[in-house]
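*Asks:* Here it is, the structure in full.
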4 protein chains.
Amino acid sequence: MDNSYEVRNDRLFKLPNSPELVRNTIRIKSKLIRNGLAEAIGTFILVFIGTSVNAQFLLPRAAINTWIQIAVGWGFAIMIAIASVARISGAHLNPAISILFFSMGALDIASLFVYIIFQHIGAFFGAAATYIVYRDAINYYDGGLRAIAGSNGTAGIFATYPQPFLSALTGYYDQVAGTGLLAFCILMITDEPNKVPFAAQPVLIGISLLVIGCGFGWNCGFPLNPARDLGPRLFTYFVYGTKVFAHPWNYWFLVPIIGPILGALIGGWFYILLIGSHIPDEKISEEIETRK
Amino acid sequence: MDNSYEVRNDRLFKLPNSPELVRNTIRIKSKLIRNGLAEAIGTFILVFIGTSVNAQFLLPRAAINTWIQIAVGWGFAIMIAIASVARISGAHLNPAISILFFSMGALDIASLFVYIIFQHIGAFFGAAATYIVYRDAINYYDGGLRAIAGSNGTAGIFATYPQPFLSALTGYYDQVAGTGLLAFCILMITDEPNKVPFAAQPVLIGISLLVIGCGFGWNCGFPLNPARDLGPRLFTYFVYGTKVFAHPWNYWFLVPIIGPILGALIGGWFYILLIGSHIPDEKISEEIETRK
Amino acid sequence: MDNSYEVRNDRLFKLPNSPELVRNTIRIKSKLIRNGLAEAIGTFILVFIGTSVNAQFLLPRAAINTWIQIAVGWGFAIMIAIASVARISGAHLNPAISILFFSMGALDIASLFVYIIFQHIGAFFGAAATYIVYRDAINYYDGGLRAIAGSNGTAGIFATYPQPFLSALTGYYDQVAGTGLLAFCILMITDEPNKVPFAAQPVLIGISLLVIGCGFGWNCGFPLNPARDLGPRLFTYFVYGTKVFAHPWNYWFLVPIIGPILGALIGGWFYILLIGSHIPDEKISEEIETRK
Amino acid sequence: MDNSYEVRNDRLFKLPNSPELVRNTIRIKSKLIRNGLAEAIGTFILVFIGTSVNAQFLLPRAAINTWIQIAVGWGFAIMIAIASVARISGAHLNPAISILFFSMGALDIASLFVYIIFQHIGAFFGAAATYIVYRDAINYYDGGLRAIAGSNGTAGIFATYPQPFLSALTGYYDQVAGTGLLAFCILMITDEPNKVPFAAQPVLIGISLLVIGCGFGWNCGFPLNPARDLGPRLFTYFVYGTKVFAHPWNYWFLVPIIGPILGALIGGWFYILLIGSHIPDEKISEEIETRK
C-alpha cells in the first residue's frame, strides 16, 4: 500500500519507463531543425500569451484593466518563452536579436535564416491560437463586423498600430530606443562576467521588457520584434483583409520590422563597446573569496 | 541576563525542546495519508487566499480594484500553496496535474485517487473559510438575498461562471489553452535539465499563473483546475442552491473540470515531446565549468 | 591619478579606516538591548513606509491610485524591514510573531517583553515620521480640521478601522485568518528543511504579505500586527484625540491586538503540527545529489 | 550542415573572433575615465527609462495608467541601470550616494567629482532621448505650446515639481525621508554580512525604490537624486525656458539637490551606526553549517 508517490531528489517527475529510450527515439538529430523548432515554439508561446493579454485588455471595454497589465503580461510571457527553449536554441525569439548575434559572430548564416523563418511561423500560429480563444469575445465586441481601428477595432490585439499623432520618424526613434534597450539588457544579463545565474536570466529579461513596456508602450505598443509584429499581421490579413498592411498609412508595417533591427544592432553594440569590454578582470583569488 | 535570543545558523526557530521526539510522535506513518493531507492543506490555502482575492475584488463595488490584483493574488497564492507542501506531496493541488503525472508514470493509481479526493476536500473548506471571513461584506453587498449572478450576484467569488457571450466550445478552448500553458510551465520549471533551484520553482510557477491570469482570465475566470472549481461550487450549493450547477446553462460546470484535464495532458505532453526530450546533454566537464 | 574607486570582491563599500575599531567602540554589548533596538528600527521602517503608502493612497482623492499599491507597498516594506535587522534580532517586528516564537520555546520571556515594547516604540515613531512628511498634504485634504473618518477623515492612514458593515466577530475571524496565514508563511519560509536561502526569505515573506493584502484587506485593512496598529493609534491620540480608541465603536482597537495574537498562534502551530513535522528526512546522499 | 548554433556552458554569446584582442584594443586604460563613463551610461539609462515612464503616464490623459506604473517603472529602471555598470564603477548613479560613499572613505575626492559630473551628463542626455521619443506626443498634448504646469504642462515629465500645498520645509523632510530610506536600503543590501548575492542586489535596490515610490511619491515625485533632477531640468531649460528654475517658486529646484544629499548622509550613517555595526560575527564553523 505504501508504495505511493514521494518527492525524490528535488525532481518532481521522471519521463515514463525508460526515458533514455523515449528520448533517443523521438529526439531530432539535426541541430538546425531542433533549434528552429525551439524558436518556433518559444515565439508561439510569447505571442499566444502576449496577444491574449492584449485581448483581455481591450475587449472588456471596462475600467478593470490598466496598462501595467500589458507590461506585466508581455514581460512574463517572454520570461516563460525564454525559459522554455533557452537550453535548446538560446531563445532569441526575435529576428532582431538573431541578427545582432549574427553580427557578433555568435550565429552562423544558415542558422540565422532558419531562426528567422521559424520565429515568424511561431508568431503566426500564436496569433491564430489567441484568435480561437477570443473569437466569441471579439464577435461580441464588434458585432461580427471586423474592423482594424475605431471604436470596434480589434486588429490591435494582434499587430501594432501607431497613435494618430505619430510620425514615421518618431516611430523609428521609438522602436530603435525600445529594442535598443531590450538588446542592451539581454546582452548585459547574459554576459558571463556579470554572473547572473542561468535560471535567473529569463526573469531579468522579462522584467526588462516589463519596464520597457511601462516607458515605451504609448507611441505604438512596443512591438520591438519583427516576427512578433509581422507574424500576427500576416494572420490578421486572413481576418481583416489587406488593410492591415496599409493602416494607418502605407508601409507603417515596416516600422516595427526595420526599427527593431536597427535598434538591436545599436543597443547590442553599445553594450559590447561601452560596457562589456570594460568590465575589470577578476583575479582568481578574488573570485574564490567572493564565493565564500 | 544576556541569555537572550540570537539568530543562529540562518535558522530563525527550532521546534521546542526535543523536536525529534515531537516529530516521531505526531508524524503520520502512511505516506499515502501524509501526501493526501498535504494536498488538502495546499489546496485549502490556494482556494482560501484565491477566493478571498476574488471577494475583495468584487465586493467593494469601487474603482480601487483592478484586474491585475486577481492575477497577482492567485499567482502568489499558488506560490505559497506549492511552497508549503512541495517537500511532502509534490504539491500538485490540481487533479489535472495529478492526472498528467499519472499519465507520465510519475504517480501510481492509488495516489491519484487519494490526491484528487483530498484536493477537493481542501478546496471545499478553502471556500468555506472565505465565506466566513466575507459573510458580513456579502450581506452588505446583496442585502442578505444571495444571488448567483446579476448586480447582486456573488457566487462568482467561489466558482467560475462564463461571460454571457461565451460558447461551450470556446469555453473548452479557453480552459485547454490556459491549463495547457500552466502544465507546460510546471513541467518546464521542474524539469531537471533546466536546473531551476527548488526554492525558486514555486515562485516561477506563481508568476506563470499570474501571466496566464493576465491573458486568459476574461472568458471565464481561469479556473484551470477541477478541484479549485468543483470544491467551492459544492460549498456554494449549500448557500446559493442547486442553481450553481445550472448557471448560466446546464453542464457549464463540466467545462472547468473536463477542459483543464484535457489541457494539462496536451500541454504537459507537448512539453515532454517537443521540448524536454530535445535538451542537449551537458557533458560533465561543461557542467562543472558552468558552476564556476 | 589612477588610485580611483574600483569594485572589489563584490563588496561596494567598507567602513572607514579601521572598521573593527569603530565596530568595537560603538557596538552594544547587551544582546537584549541590541535586539530591542533592532526590533524598534525594523518596526519603525515597516510602519514609516507602510503608513506613507496609506497616505499616498488616500490623500490624492484621485483615480491614480489602486489597491494593489497598498498590497505592494506593505509587502515590500516588510521585506525591507525584515532584511534590515534579520541578522541581529531575527526581525519579528510583530508582537504576535514574538508570542508565537515564545510559545515554541524559541524566545525567552525577557526577550519577549523587550521585543514587544521596542516594537511599539518603533511603530509609534514610524507613524510620527509619516505625519511629518504628509502634514502639509493632510492639512490640504481636511482644511486643518482633523477627522477620524468621513469624507475628510485621515486617521485611517495610521491605525486601522473596520468597514461599516463589519461585526466584531467577523473582525476577529478576519484578523485570525490573515495573521494565521502570515505566521504560517513565515514559519514555512524560514523552516530549515525547506532550504529557502536566507537572502530570499525577506522577499518571500514580503510577497506573502502582498498577497494577504490582496485577499484580506477589505474588511479592516489587514493590520495583522498589534504593534503596527497600537503604536500608530497611540500617536494619533495626540493628533485626533481620544476618539481614536472609540471609533467606530468602543474596543474596536482591541480586535487588531487580540485577533493577530490568536491568529499567529493558530497559523504557526498549524504549520508545525500539520506540515513541518511531516517533511520527509533527506538522506545525506540524496542531499548531495540534489546539489549537483 | 549541422555546424549550427548551440548553447554552450550557459553562455549565450561570445565576443566575435578574438575577444581579448578587441577588449585590449578598445578598453579604456584610466580607471577614472572608465568609471566616469560607466556612471554617465548608467544614469543615462535610469533617466531615459524613468522619464519615458513619466511621459507614458502623463501624456495619454486617460485612465489606463495608475501610479503603480511610475513606481514599478523607476524601480526596475534603476535595477537595469545598476546591473549594467555595477561591475565597473559600482553604479552610484546619484551624487547623494557618491557623497555618502565619500563620507565613508569608500570613494576618493577625484572620483567624487568625476562621478558627479558624469552622472549629470548622463541624466541630461537621458532626458533629451526621452524628449526625442515623445516629441510628437507632447506636441499633440499641448498643441505645440510648451508649458511647465497647468492642464497642458509637460515639464514634470523631466524634472520634478512639488504639489501646490507643499511648503519648502516639508519638501526637505520628504526628500530627506525618501533618500534616507534609499541610502539605508542600498547599504543594507550591499553590506557584506547580509550576504545578498551580487546578481540579486540590483533587483532588491530596484524593489526598494519601487516601494519608496509607493510611499513618498505624492509630495514632489520622489527625485531622491540631484543628478536625476538637475540634469533633466537643465535640458528643459532649452525647451521650456528659464521658468524651469523658478516654478512654482524660486529655488524650489534646490530642494531635490540639497534634500537628497542630506538624506543619503543621514540614512547611510543611520545604517552604519545603528545596524551595520551590530550584526553579530559568525563563527567559521557556523558559516559552514549554514551553507549545508
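Read-outs throughout are calculated quantities, based only on the coordinates presented, and are distinct from any laboratory measurement. None of these values were measured; they are calculated from a predicted model. Please note: Cβ atoms are built from the backbone with ideal geometry, for glycine as well, and neighbour counts cover all protein chains shown.
*Asks:* Where both partners of a DSSP beta bridge lie in the protein assembly as shown, what percent of those bridges are antiparallel, to the nearest 5? Walk me through the numbers on the way to the answer.
*Replies:* Working: 4 of 8 bridges.
Antiparallel bridges: around 50 percent, rounded to the nearest 5.
*Asks:* Next question, about the same structure. Among the listed pairs A:K31/D:K195; C:K29/D:K195; B:K29/C:K195; D:K31/D:K195, give every one whose C-alpha distance is greater than 31 Å.
*Replies:* Numbers: A:K31/D:K195 41 Å; C:K29/D:K195 23 Å; B:K29/C:K195 23 Å; D:K31/D:K195 27 Å.
Correct reply: A:K31/D:K195.
*Asks:* Beyond 23 Å, what share of the Cα-Cα pairs of the range C:18-118 remains, rounded to the nearest whole percent? Walk me through the intermediate numbers first.
*Replies:* On the way: 2018 of 5050 pairs.
Counting every Cα pair in the range C:18-118, those more than 23 Å apart make up 40 percent.
*Asks:* What do you get for the angle between helix D:168-190 and the principal long axis of chain D? Use alpha-carbon atoms, 0 to 90 degrees, nearest ten.
*Replies:* 20
*Asks:* Given Cα pairs under 8 Å that are at least 6 residues apart, what percent is the relative contact order of the range D:58-151? Could the numbers behind the result be given before it?
*Replies:* Details: 29 pairs, mean separation 20.0, N = 94.
Relative contact order for the range D:58-151 comes out at 21 percent.
*Asks:* What do you get for chymotrypsin sites (Phe, Trp or Tyr not before Pro) in the range B:130-203 restricted to DSSP loop and a cutoff of at most 15 other Cβ within 10 Å of the site's Cβ? Working shown, then result.
*Replies:* Numbers: sites: B:Y131, B:Y134, B:Y140, B:Y141, B:F158, B:F165, B:Y172, B:Y173, B:F184, B:F198; in loops: B:F158, B:F165.
Within the range B:130-203, the qualifying chymotrypsin sites (Phe, Trp or Tyr not before Pro) (loop, at most 15 other Cβ atoms within 10 Å) are B:F165.
*Asks:* Moving to a separate point now. With the contact rule set at Cα under 8 Å and sequence spacing of 6 or more, what percent relative contact order holds for the range A:106-231? Present the calculation step by step, with values, prior to reporting the outcome.
*Replies:* Numbers: 84 pairs, mean separation 43.9, N = 126.
Once divided by the residue count of the range A:106-231, the mean separation gives 35 percent.
*Asks:* Hey, what does the equivalent ellipsoid look like for the range A:66-147, semi-axes from the Cα gyration tensor as sqrt of 5 times each eigenvalue, largest first, whole Å? All intermediate terms of the calculation are to be shown ahead of the outcome.
*Replies:* Details: eigenvalues 200, 50, 24 Å².
In descending order, the three semi-axes are 32, 16, 11 Å.
*Asks:* Can you compute log10 of I(q)/I(0) for the range A:140-292 with the Debye formula, treating each Cα as one identical point scatterer, at q = 0.10, 0.12, 0.15, 0.16 Å⁻¹?
*Replies:* For the range A:140-292 at q = 0.10, 0.12, 0.15, 0.16 Å⁻¹, log10 I(q)/I(0) is -0.46, -0.61, -0.82, -0.90.
*Asks:* So what is the relative contact order for chain A, in percent, with contacts set as C-alpha pairs under 8 Å and at least six apart? Let's see the in-between values first.
*Replies:* On the way: 414 pairs, mean separation 71.5, N = 292.
The value is 24 percent.
*Asks:* A follow-up question, please. Consider the operator that turns chain D into chain A: which D residue has a Cβ nearest its axis, and what is that gap in Å?
*Replies:* Measuring from each Cβ to the axis, the minimum is at D:T66, 4.
*Asks:* Across the residues of D:177-184, average count of Cβ atoms on other protein chains within 10 Å? Could you put the intermediate results ahead of the total?
*Replies:* Working: counts 7, 2, 0, 2, 6, 0, 0, 4.
Other-chain Cβ atoms within 10 Å of each residue's Cβ, averaged: 3.
*Asks:* Rounded to the nearest 10 degrees, what's the angle between the helix C:109-142 long axis and the longest principal axis of chain C, both from Cα atoms, 0 to 90?
*Replies:* 50
*Asks:* Please give the calculated 222 nm ellipticity per residue for the protein assembly as shown, where each DSSP H segment of at least 4 residues contributes -39500 (n - 2.57) and the sum is spread over every residue; nearest 500 deg cm²/dmol? Each step should come with its number before you reach the end.
*Replies:* Details: 40 runs with 728 residues, N = 1168.
Dividing the helical sum by the residues of the protein assembly as shown leaves -21000 deg cm²/dmol.
*Asks:* Compute the length gained on full extension between B:W249 and B:L145: take 0.36 nm times their separation in residues and subtract their Cα-Cα distance, giving the result in nm to one decimal.
*Replies:* Values: separation 104, 0.36 × 104 = 37.44 nm, distance 2.14 nm.
Net length gain for the segment: 35.3 nm.
*Asks:* What is the diffusion coefficient of the range C:49-107 in µm²/s, taking the Kirkwood radius over Cα pairs and the Stokes-Einstein relation at 37 °C with a viscosity of 0.692 mPa s?
*Replies:* Working: Rh = 13.2 Å.
After rounding, the answer is 248 µm²/s.
*Asks:* Next question. How big is the dipole moment of the protein assembly as shown about its Cα centre under a simple scheme where the beta carbon of each Lys and Arg is +1, that of each Asp and Glu is -1, and everything else is neutral? Debye, nearest 20, please.
*Replies:* 800
*Asks:* Compute the angle between helix D:201-215 and the longest alpha-carbon principal axis of chain D, please, reported from 0 to 90 degrees and rounded to the nearest 10.
*Replies:* The two axes meet at around 30 degrees.
*Asks:* Within 10 Å of each Cβ of A:29-38, how many other protein chain Cβ atoms are there on average?
*Replies:* On the way: counts 1, 3, 8, 5, 3, 6, 5, 1, 3, 5.
The shielding value for this peptide is 4.
*Asks:* Moving on to the next point. Filter the trypsin sites (Lys or Arg not before Pro) in the range B:56-161 to those in DSSP coil with at most 15 other Cβ atoms within 10 Å of their Cβ, and list the result. Show your work: numbers first, answer last.
*Replies:* Details: sites: B:R61, B:R87, B:R135, B:R146; in loops: B:R61, B:R146.
Here the trypsin sites (Lys or Arg not before Pro) that fit, given the DSSP loop and packing criteria, are B:R61.
*Asks:* From Cα coordinates alone, what are the radius of gyration and Dmax values for the protein assembly as shown in angstrom?
*Replies:* Gyration radius and largest Cα-Cα distance of the protein assembly as shown: 28.3, 83 Å.
*Asks:* Would you mind getting the Kirkwood hydrodynamic radius of chain B from its Cα pairs, rounded to one decimal in Å? List each step's numbers first, then the result.
*Replies:* Values: mean 1/r = 0.0488 Å⁻¹.
By the Kirkwood definition, the hydrodynamic radius is 20.5 Å.
*Asks:* OK, next. Give me the inter-chain shielding for D:202-209: mean count of other chain Cβ atoms within 10 Å, whole number please. Write down the numbers at each step before the final one.
*Replies:* On the way: counts 2, 5, 7, 0, 2, 7, 6, 0.
Neighbouring Cβ atoms belonging to other protein chains average 4 per residue here.
*Asks:* Shifting gears a bit: Which semi-axes, in whole Å and largest first, does the equivalent ellipsoid of the range B:169-245 have when worked out from the alpha carbon gyration tensor as the square roots of 5 times its eigenvalues? Please report the intermediate quantities before stating the final value.
*Replies:* Numbers: eigenvalues 171, 44, 20 Å².
They are 29, 15, 10 Å, listed largest first.
*Asks:* Ok, one more. Rounded to a whole number of µm²/s, how large is the Stokes-Einstein D of the range B:236-283 at 4 °C and 1.567 mPa s, given Rh as the Kirkwood radius over C-alpha pairs? Could the numbers behind the result be given before it?
*Replies:* Numbers: Rh = 13.7 Å.
Calculated translational D: 94 µm²/s.
*Asks:* Put the label 7 Å from Cα along Cα→Cβ for C:I132; what are its distances to the other copies, in nanometres, shortest first?
*Replies:* Those separations, rounded to one decimal, come out as 4.4, 4.4, 6.2 nm.
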